[in-house]
Amino acid sequence: MNAAHCRRWRASLGLMMASGFAGLGYQVVWTQQGALWLGHEAASVLAVVTAFFGGIALGALAFERRIERSRRPLRWYVASEAVIAIWGAILCLVAGRFSAWAVTIVGVQPTASWQWTVSFVGTFVLLLPATAAMGATLPAIERVTASMREGGRSIAMHYAANTFGALLGVLATAFWLVPELGLARTAALCVALNTFCACAAGVVLPTVANASASASAKRVSPQFPTLARLAFTGLLGIGYEVLVVRVLGQVAEDTVYTFALLLAVYLVGTASGAAVYDRWWARRADAPALAGRLLAALSLACLAGSASLWGAEWLRDISRHAFGASMAAALASEALLAVVAFALPTFMMGALFSHLSRQASAEGVSFGRALGFNTLGAAAAAPLFGSVLAPLLGAKATLLIIASAYLALTPRAARWRPIILVPGAAALAMALLAPRLAFIDVPVDGHVVSYSEGVMASVSVVADDQGVARLRIDNRQQEGSSGTRLVDGRQALLPMLLHPAPRRALFLGLGTGITASTAAEDEGAEVDAVELLPEVIEASRHFTRAFNGGMPNTRLRLVAADARRYVRVAAEHYDVIVADNFHPARGGSGSLYTVEHFRAVRDRLAEHGVFCQWLPLHQLDLATVRSIVRSFVDVYPDGWALLASNSLETPVLGLVARVDGGHFGVAALGRRLRDNRFPRGLDEFGLDDELAVLGSFVAGPRALAAFAGDAPANTDDRPVVAYRAPRLTYAPDSSPGQRLSDLLHAVGVTPDELVTRGTDPEWMRRLAAYARARDRFIEAGRAVQPTANVQDMLAQVRAPLLATLRMSPDFRPAYDPLLRMALLLRRTDPDSANLLLAELARSRPAQVSTESAPRH
């Protein structure tokens, strides 16, 4: 290769890197944008992957003959990059409108077939101009540079450069561009890269190319068509990726960074395999035999990668212990999981694709056609493996099918050789001996109540030795337990009681179903509960059997739908809307805390409607809370914040707003409490009077606005929550109790911000004292070490709780535990018990006179 050719060759590799960077940048952006109307990150990944490969296949097959015959293939490359840039710019402008249209077309509660049809077809059509142009870039650049290469045509190095650029694109997009710039600006940067590629190519690459090398190549009739192998290997390769990502999502933290790392390792492997093939194997004469060996080696590599998944939890724990406790260490641990599962299989995939493409070229098949068949198979992988086979057969069986299918693609003459028999025997051994590939954390002496694997996630219910059951999604995300019934019930009762007469209530997110079922006990209200995962709806029945005598409640309607889509499309208006405390770092849940979603909820509220958004403070750092609060007050400037309970381990903060911006009437709340139609007493939930309800508020409008400060709002375009929340998940920097204490020190509420004018000043004084006592109670609780010994416990809490009661005799959370300990203490130390009861009588004399009486 002469000096001029060498410079142009290197320039073409650089262009392929830049184009690959932009392509994966688009994929990350479009996946997150697609999740807004598809309803879930996993669904968006499947749809966008299918659209990408389907469009690339269509473009490669549609243009391959013209590119191959053209004397000026550079024009095709320049035009392709220009089309990608133009359509990328158009999508920046129309993505929001398309999302709104698609949400309407899908409907409120679509059938699975209709939803997936719209998801896959709609995404494919939306991205088609850009993805079809992407399908033409590699064939065009290969045709442009064919005359520069000695020893025959090969795409391996350009494929490797393009894939390496894609690696840089996915890492830069996930870890820097989207968090700092947002989705639209990141897409604009990709548009600029494609524009640069189009302009630079016209300057540095040759305008006229030699006649097609493949057009005059000697045609060979292979025993098994090479194009069929290319199609099936594309199908199996992406199928393996989809399954491993799905399985490791149950072991890793399943954040936006998890997917980026998994995809990055996948790209590194394929790029390395292509580069090594070009350097060492491309000129080997035994092409059919080499194809058989590569297929057998790939089968064995997939089996090894699959086998590593059974030890993924052990490897995760060991690596985290070795790397230390930091976000970088946690990400390194996830990267190690990806390397073990992906490195060897993807290396062989890159080499195999390069070899089959070269073999196809030797048989007179253009690279565009080879690429088209390969990506056509890849396009079918996501719906086939992700939506059908994995839920139907399970991960283990589906992975074994992939490894066995690679063996089936080997030439017949090689199928009885040792290189084929080894992976075949390994697959059979795994099928017979390996357990089900499912991750379920079961406590000592506990058991699995139920487990189901759906299209988007796996859902389990696990009980411990005390009979407390917990519901988990993908083994990582706990959605509640039977041991938190009262707190979960409060999350329904507090917003329901704040409305004077709710007739219709909407709950976004079901979890265990306890919260929505508690609301449905109000005989005057109809309750709709929207849950994305049908498996969660089924699992919730285990937790709601205690309601309504175990019979279905006709006032509670369960809707299998996406919460964001539901509030945009549903025709009904609701008096009360309650949004669950979604884990902000997982499964695209950050989009349920955006300005756009809060606006859609506001439009769904009836006159005087109440909205409550619960936040899992135990899963959020305060910087992320500030962004969510900023998003909330941008839509509800007159909103408040309250606590679901006084828990220090799992504090839950509620953001509350009235659509009319009004305050709460104490008299109306009193009537609501007296006339409530709940079958169980509200005192069971600690909500027996007006002070207990309004005393749960911790922040008013002024305090919320000051707390949010200049924090960036979480929007559909700049999803800061999805990128900030994982930091606490990976490396907690404080305890939930510390964050709650810091929050309470930063905010506050005055009675005049909460209740209507004309409220009795004495009652307002009691409310202010109640709030101070609550803060003092929470702060004192941070120093308490729980113990079963009554006297030891009393020694810790007696003084602070009595001091709290002196601040507010109405504050029952301080009074009730002291009373219980006094009654228990009577059995062993009557004198000390009576002394404590006397002190309680002085703090709350009206209560102790009846409650301290001996009970038989």
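Odds and ends about this structure:
- Among the residues making up region 347-375, those that are touching a helix residue (DSSP H, G or I) at 6+ places or on another chain (Cβ under 8 Å) and not in a helix (DSSP H, G or I) are 363, 365, 366.
To keep it simple, each residue is scored yes or no on (1) buried (at least 24 other Cβ atoms within 10 Å of the Cβ); (2) over 30 Å from residue 530 (Cβ atoms).
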residue: 28; (1), (2): yes, no
residue: 36; (1), (2): yes, no
residue: 46; (1), (2): yes, no
residue: 54; (1), (2): yes, yes
residue: 58; (1), (2): no, yes
residue: 64; (1), (2): no, yes
residue: 73; (1), (2): yes, yes
residue: 77; (1), (2): yes, yes
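- Hey, residue 65 within 25 Å of residue 230 (Cβ to Cβ) and of a type in the set (D, E, K, R) or not: yes
- Restricting region 530-545 to residues that are under 18 Å from residue 461 (Cβ atoms) and without any contact (Cβ under 8 Å) to a residue 40 or more places away in the chain, the residue that is most open to solvent (accessible area, probe 1.4 Å): 545
- Complete set of residues in region 460-497 that are among the hydrophobic types (A, V, I, L, M, F, W, C) and either in contact with a helix residue (DSSP H, G or I) (Cβ under 7 Å, 6 or more places away or on another chain) or closer than 23 Å to residue 564 by Cα (or both): 461, 468, 469, 471, 473, 486, 492, 493, 494, 496, 497
- Residues that are within 23 Å of residue 258 (Cβ to Cβ) and among the small types (Gly, Ala, Ser) within region 700-733 comprise 722, 725, 731, listed in sequence order.
- Scan region 451-471 for residues that are assigned to a strand (DSSP E or B), open to solvent by less than 40 Å² (accessible area, probe 1.4 Å) and either among the basic types (Lys, Arg) or free of Cβ contacts under 8 Å to residues at least 40 places away in the same chain (or both) and the total you get is 2.
- When residue 668 is tested against (1) closer than 30 Å to residue 712 by Cβ; (2) outside any loop (DSSP other than H, G, I, E, B); (3) open to solvent by 20 Å² or more (accessible area, probe 1.4 Å), exactly one condition is not met: (1).
- Here residue 662 meets the list (1) within 31 Å of the chain's Cα centre (by Cα); (2) open to solvent by less than 40 Å² (accessible area, probe 1.4 Å) almost entirely, failing just condition (1).
- Scan of region 631-665 for residues that are part of a loop (DSSP other than H, G, I, E, B) and of a type in the set (Asp, Glu), ordered by number: 638, 649, 660
- Among the conditions (1) more than 25 Å from residue 159 (Cβ to Cβ); (2) touching a His at 6+ places or on another chain (Cβ under 8 Å), the only one that residue 117 does not satisfy is (2).
Results for (1) within 25 Å of residue 817 (Cα to Cα); (2) assigned to a loop (DSSP other than H, G, I, E, B), shown as yes or no for each residue.
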site: 676; (1), (2): no, yes
site: 684; (1), (2): yes, no
site: 703; (1), (2): no, no
site: 718; (1), (2): no, yes
site: 725; (1), (2): no, no
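- Summed over region 547-574, the residues that are open to solvent by less than 30 Å² (accessible area, probe 1.4 Å) and assigned to a helix (DSSP H, G or I) give a count of 5.
- Taking region 794-856 and the helices (runs of 4 or more DSSP H) fully enclosed by it, the elements with 2 or more residues that are modelled with pLDDT of 90 or more are at 812-825, 830-843.
- Residue in region 71-83 that is in contact with a Lys or Arg (Cβ under 8 Å, 6 or more places away or on another chain) and either in a helix (DSSP H, G or I) or at pLDDT below 90 (or both) present: yes
- Residues located in region 472-514, provided they are within 15 Å of residue 541 (Cβ to Cβ), among the β-branched types (Val, Ile, Thr) and in a helix (DSSP H, G or I): 514
- Of the candidates 577, 628, the single residue that is at pLDDT 95 or above, within 26 Å of the chain's Cα centre (by Cα) and part of a helix (DSSP H, G or I) is 628.
- All positions within region 686-701 that are outside any helix (DSSP H, G or I) and more than 19 Å from residue 636 (Cβ to Cβ): 686, 687, 688, 689, 695
- Failed item in (1) of a type in the set (S, T, N, Q); (2) at pLDDT 90 or above; (3) not in a helix (DSSP H, G or I), with residue 398 passing the rest: (3)
- For first residues located in region 495-514 and free of Cβ contacts under 8 Å to residues at least 24 places away in the same chain, partners that are assigned to a strand (DSSP E or B) and surrounded by fewer than 22 Cβ atoms within 10 Å (Cβ to Cβ) and lie 6+ apart or on another chain with Cβ distances below 8 Å do not occur.
- Within region 428-450, the set of residues being part of a loop (DSSP other than H, G, I, E, B) and either open to solvent by 40 Å² or more (accessible area, probe 1.4 Å) or farther than 17 Å from residue 472 by Cα (or both) comprises 434, 435, 436, 441, 442, 443, 444, 445.
- Options 195, 137, 123, 104: the member that is modelled with pLDDT under 90 and more than 22 Å from the chain's Cα centre (by Cα): 104
- Residue that is free of Cβ contacts under 8 Å to residues at least 12 places away in the same chain and either at positive phi or open to solvent by 40 Å² or more (accessible area, probe 1.4 Å) (or both), where the choices are 750, 787: 787
- Test: residue in region 613-621 that is polar (S, T, N, Q), assigned to a strand (DSSP E or B) and closer than 30 Å to residue 538 by Cα: yes
- Taking every residue in region 727-742 that is farther than 22 Å from residue 254 by Cβ and pairing it with any residue that is modelled with pLDDT of 85 or more and loosely packed, with under 15 Cβ neighbours inside 10 Å, at least 6 positions away or on another chain, the pairs with Cβ-Cβ distances below 6 Å are 737/782.
- Scanning region 604-621 for residues that are open to solvent by 10 Å² or more (accessible area, probe 1.4 Å) and either at pLDDT below 95 or among the small types (Gly, Ala, Ser) (or both), we see that the one that is nearest to residue 709 (Cα to Cα) is 621.
The values are calculated or read from the model by the stated rules, or taken from the named source; none is laboratory data. Just so it is clear, the structure is predicted and the values come from calculations on it, not from any experiment. Here the Cβ is made from the backbone with ideal geometry for all residues, glycine too, and neighbour counts use every protein chain on show. Note: accessible area is taken over every heavy atom of the protein model, side chains too, but ligands, DNA and RNA are not part of it. Shrake-Rupley method; radii C 1.70, N 1.55, O 1.52, S 1.80 Å.
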